[in-house]
Amino acid sequence: MSDAGFDSGPQVANDNMSEAPIDDEIYAAAYAAEKENFATYEFLDEYGDVPPHDEELRRSLFEKLAETLTLEGEHMEVLNTLNVQIEGRGSVPPIKSFEDAGLHPVMLENLYLCGYKRPSPIQQAVIPAILNDNEVLACAQTGTGKTAAFLIPILSKLMGKFKEVAAPRPGLGLPTGVICRAEPLIVIITPTRELALQIFDHARRLCYRTMLRPVCIFGGGYKDGEYGQDAQLNKGCDILIATPGRLIDYLNRPQFISMRRLKYAVLDEADELLSGDWEDPITRILFGGDANLDCDRKLFLCSATFPEDALITAEEYLGRDFNMITIGRMSSTHSNIEHNIMEIDFRDKRDRVYELLSEQVNVKRTVIFCNTKVECDRLDDFLYNKQLPVICTHSGRPQLDRESAMKMFREGEKAILITTAVFARGMDVRDVTQVINYDMPSAAQGGINEFVHRIGRTARMGNVGHAISFFTDRNEDIAEDLVKLLREVGQPVPGFLEILVEGPGAVENGDAGEGIEGLDDAFGEPNGNVTVEDDAFGAPAPQANDDSW
Ligand SMILES: Nc1ncnc2c1ncn2[C@@H]1O[C@H](COP(=O)(O)OP(=O)(O)OP(=O)(O)O)[C@@H](O)[C@H]1O
């Protein structure tokens, strides 16, 4: 990836580097102020099966939700009509509603508190597969609820048998005050610390009124002190959400964590985690040390993109008997995003972005992507000096700055976030109505797959959004893939791009930019079909082949 980078990876090294010594008191104060943000439901031994509400926690977990999280938008039909393909041994048909899925009653209540009325297409397919004990590789468009697709069934399954499988912890089997070692039942690994915290929040909500205790560990986060990661682990942990570098760091200190009870491992943004930089740490986490290698341990992989090489590695990890679940074409996007690809001289980018931002009305939140940290900082200075409400975050900034930038952006104090690849994957902020690719991702920076993740910060869960991309003469390496993607989702392809890809005759002949029509042929199935195949591993999946551009 670019130097914008993720948490660790080349990160195992970075992980520690990013812990620049920061004054203990500053951290302690910040974490005390954030106490509420780390609170989880404390289940006591004396509760029966369904414990009482904790009003303060309920308010803090759910009442602010509508202000910060994406809610289902008005264009879910765009997602609902995509082709659903479920392949692999033991495939099961999708569910229609949460109520039909056989979920634990507390999970159903928590979904209601989250405001989730019905499962999204990927949830309809993944929830029954996991409840049926199948391993899953899931690929669906950005912002379509993949995180909950995994969390809901896994947590629901464990809710019923916590006492049989979980490690004792203070208050639940161990005398209070006894230091315990975390022995998680679930580990969720994700490339960035921001995403780890976001998934932790998600898990906190879905674990409300259950015995399951989530803990989040990430590079750059404080280990010592009352709210530090050591103390959190020492209180017991059933669901561990982690960035790989920090997790390896803790696995080297086995007095804190053991993986011997692990029942479920999830790789979120799996294609990134299975890429060259990450493969070794991931292998070590899943198979090294005292990892539970019993056949009852299940692996789940999800992402919006699976390039061919990541798919091959994924299949090696999963073995033969897994369900491959794809919504639409693998690594594609959806048509709730309106695109504007602007041809521009690279020297004019700064002025043009300023013009755009100062002219616009009705844009709630904007994310601007640059390819490097240096460019981010420069653009931040420039736009800040022009009095625009900008905030900047990237992997070169101290952890507290990163957290505070995210908070300001989420809470609407700053409407424009300037960032790098660190924000491209998974981040879910309500009302991001526009993404600007100030720099296009080059092939070395992930190319079209990175583009798909970046634009996916808008138009999430049936909402609509805009993506503006500055295209300079340095971006020719993404042109062909870009044209294919735009046509697939029925978006206009600008003339300059058609000429670049297809030569000067393309525009005159009128054979370009026909949008989605041609694709129904290319991908075999008309939209809206559900295909459930039980024995697909003999033959390559059509999506995987089509994905190889
Ligand atoms: N069934 C549902 N109904 C309404 N909202 C939902 C539902 N499931 C998830 N959401 C919300 O949709 C948003 C997007 O979900 P999520 O972040 O899991 O998407 P994703 O597919 O993982 O995206 P990405 O590919 O960018 O990682 C979140 O705000 C989540 O709370």
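The stretch between Glu46 and Asp473, if pulled fully straight at 0.36 nm per residue, gains 147.0 nm over its current Cα-Cα span. Can you tell me how the stretch 337-514 classifies by the Cα gyration tensor, rounded, prolate or oblate, using a/c under 1.5 as the rounded cut? Prolate shape, in that a/c is at least 1.5 and a/b is the bigger ratio.
The listed residues Val92, Val530 rank as Val530, Val92 when sorted by accessible area, largest first, using a 1.4 Å probe. For the peptides 314-326, 233-245, 335-347, 131-143, the ranking by packing is 233-245, 131-143, 314-326, 335-347, with the highest mean count of neighbouring Cβ atoms within 10 Å listed first.
Rounded to the nearest 20 debye, the dipole magnitude of the chain is 1840 debye, with +1 charges on Lys and Arg beta carbons, -1 on Asp and Glu beta carbons, and the Cα centre as origin.
Placing R0 at 51 angstrom, the Cβ-Cβ distance between Glu480 and Val165 gives a FRET efficiency of 0.55 after rounding to 0.05. Taking the average, over residues, of other Cβ atoms within 10 Å as the packing measure, peptides 452-465, 168-181 rank 452-465, 168-181 from highest down.
Computed from the C-beta positions of Arg89 and Lys386, the FRET efficiency with R₀ = 45 Å rounds to 0.15. Please report the carbon-and-sulfur percent of the accessible area for the stretch 82-327; probe 1.4 Å, protein heavy atoms only, DNA, RNA and ligands left out. Here it works out to 51 percent. Put Leu311, Leu71, Leu400 in order of accessible area, highest first, and with a 1.4 Å probe you get Leu71, Leu400, Leu311.
In terms of accessible area, using a 1.4 Å probe and ignoring ligands and nucleic acids, Leu69, Leu482 rank largest first as Leu69, Leu482. Along the Cα→Cβ direction, 7 angstrom out, place labels at Glu109 and Glu63. What is the inter-label distance in nm? In this crude spin-label approximation the distance works out to 1.8 nm. Calculated accessible area for the stretch 82-327 comes out at 31 Å² per residue, all protein chains present (probe 1.4 Å; ligands, DNA, RNA ignored). A Förster radius of 25 Å, combined with the Cβ-Cβ distance separating Gln255 from Asp280, puts the computed FRET efficiency at roughly 0.60.
The slack in the chain from Lys117 to Glu316, taken as 0.36 nm per residue of separation less the alpha-carbon distance, amounts to 68.0 nm. Shape verdict for the stretch 82-327, please, from the Cα gyration tensor: rounded (a/c under 1.5), prolate (a/b greater than b/c) or oblate. Oblate.
The values are calculated or read from the model by the stated rules, or taken from the named source; none is laboratory data. Remember, it's a predicted structure, so these values are computed and weren't measured experimentally. So basically every Cβ, Gly included, is an ideal-geometry build from the backbone, and we count neighbours across all protein chains shown. The area values use the complete protein model at the heavy-atom level, side chains included, leaving out ligands, DNA and RNA. Shrake-Rupley method; radii C 1.70, N 1.55, O 1.52, S 1.80 Å.
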